[in-house]
Amino acid sequence: MNKIALTFLLMGLFCVSLVMAQTVKKTRPRVVQTPTTQPETSRPELKNKPETSTDQTRKAPVLIDNSSKKTSTTDPAKVEENVKVENDDDEITIETNFVTLPVSVLDRDGRFVAGLQQNDFQIFENGVNQKVEYFASVEKPFTVILMIDVSPSTQYQINEIHDAAITFVNQLRPDDKVMVVAFDESYSILSYPTNNRSQLQSAIKRANFGNGTSLYDSISRTINRELQNIEGRKAIVLFTDGVDTTSRRATYETSLTQVEEVDALIYPIRYDTSKQYGGGNSRTNRRRPQTGSILGDILGSIITGTGGNVSVGSAGQSPEEYARGKKYLGELASYSGGRIFEAETTNNLDSAFRSIAEELRRQYSLGYYPESGNKGESRKIRVRVKRPNLVVRTKTSYIVGSGS
């Protein structure tokens, strides 16, 4: 009897389990798999559209000058850009052309004139009046490259050149920097940009005379290599007689073209070494180095029958070459917006250097949109101030397409 009851009990439990299992199966929610969606950029209607998000893999913008589009602005950093997308490569072309000019305005005593406004200035390009789109009056620290000519023709005045260079350094403020370069036939960097005055004085005194004069090559290298690594306001102060005898990579004309393309002022300090190099006078004979002289070289070559270091009538000694050198230095200053100083006729170089430092530190900045032109074309610039008895110094030309 117990066996029969146990059998019925097991059968009952089996039936209950079966009913429960069916109930769970019916009430379990159905899982619906979400279909995989394609990225927006793979959708056919978006394949040829440019991306609007900040994609880190996109190509860098390509800058192209010489656009005829003019856009008014009060800040060159906010110049409106004409953006084009070409083909499927998503290459962005930014067309813009904006000329900026550093401008110094001085009174007849060489002092900076402050307080001028935008409407006090006029800009003329190839004689055509331009609208001044940008104006600022700024006072900033600057970096100067001192270029010291140590060729044989300057050897009798090397001490004076050292003293003059140190005098200029002493005019600068603590945040102004100086780089020292010496050149003859070769090019030597004696100090990279620094505001350490004792280091600069030591570098200047190490500039001792050598052989040849590669002035054009040295100007070209300074522009192409050294100035490119200097940010902010910059200038060149050049101590030389202006005579080139050994340049091979650059010429009178090519170096001046490079000056037109760079945003740096050049201040040549010209030493007339023609008399000293041709035999000197009592004043310069007292300053001659103890290591030798031209006369000694000539006598030595006659006595020993060997070649001397200097030959009569060699390059750099004729009046024509000195006149050419003077003209070259004047054009360096004119093309860049700087000034030329005659060391022989300047009564107080200390005052002259103070004036240069003031010009570099305090300037006006003007900007305008020129008409479109052919790349490589030279444009003449003239800036006028609508006030009497003032002297304006700025670049006199620029090259179209050079990023002026």
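Can you send over the solvent-accessible area of Leu106, 1.4 Å probe, protein chains only, in Å² to the nearest 10?
Rounded to the nearest 10, that gives 0 Å².
Given a Förster distance of 25 angstrom, what is the FRET efficiency for Asn208 paired with Asp350, based on the Cβ-Cβ distance and rounded to 0.05?
Working: r = 24 Å, r/R0 = 0.96.
Approximately 0.55, to the nearest 0.05.
My understanding is that a pair violates if its Cα-Cα distance is over 32 Å; which of Lys177/Lys395; Lys177/Lys327; Lys131/Lys177 do that in this structure?
Lys131/Lys177
Using only the alpha carbons, work out the radius of gyration and Dmax of the stretch 332-398 in angstrom.
Cα radius of gyration and Dmax of the stretch 332-398 are 15.2, 46 Å respectively.
Report the extension gain between Glu377 and Gln117 in nm, rounded to one decimal, defined as 0.36 nm multiplied by the number of residues separating them, less their alpha carbon distance. Walk me through the numbers on the way to the answer.
Numbers: separation 260, 0.36 × 260 = 93.60 nm, distance 3.08 nm.
Contour length minus the Cα-Cα distance gives 90.5 nm.
How would you classify the stretch 172-271 from its alpha-carbon gyration tensor, with a ≥ b ≥ c the square roots of the eigenvalues: rounded for a/c under 1.5, else prolate if a/b is greater than b/c, otherwise oblate? Don't jump to the answer; show the numbers that get you there.
Details: a/c = 2.00, a/b = 1.24, b/c = 1.60.
Judged from the Cα gyration tensor, the stretch 172-271 comes out oblate (a/c at least 1.5, b/c at or above a/b).
What is the packing order of peptides 237-246, 371-380, taking the mean over residues of other C-beta atoms within 10 Å and listing the highest first? Can you show the working numbers first?
Values: 237-246: 24.9, 371-380: 13.0.
The packing order, highest mean first, is 237-246, 371-380.
What net charge is computed for the residues neighbouring Tyr322, neighbours being all others with C-beta under 13 Å from the C-beta of Tyr322, Lys and Arg scored +1, Asp and Glu -1? Mind showing how you got there, number by number?
On the way: positive: Arg270, Lys275, Arg324, Lys326, Lys327; negative: Asp241, Asp244, Asp272, Glu320, Glu321, Glu342, Glu344.
Charge balance near Tyr322 sits at -2.
Taking 8 Å as the Cα distance limit and 6 or more residues as the minimum spacing, I'd like the relative contact order of the stretch 95-250 as a percentage. Display every interim value, and only then the final one.
Values: 229 pairs, mean separation 39.2, N = 156.
Result for the stretch 95-250 is 25 percent.
The values are calculated or read from the model by the stated rules, or taken from the named source; none is laboratory data. All of these numbers come straight from a predicted model, not from anything done at the bench. All Cβ positions, even for glycine, are placed from backbone atoms using ideal geometry, and neighbour counts span all protein chains on display. Surface areas here come from the heavy atoms of the whole protein model, side chains and all, with no ligands, DNA or RNA. Shrake-Rupley method; radii C 1.70, N 1.55, O 1.52, S 1.80 Å.
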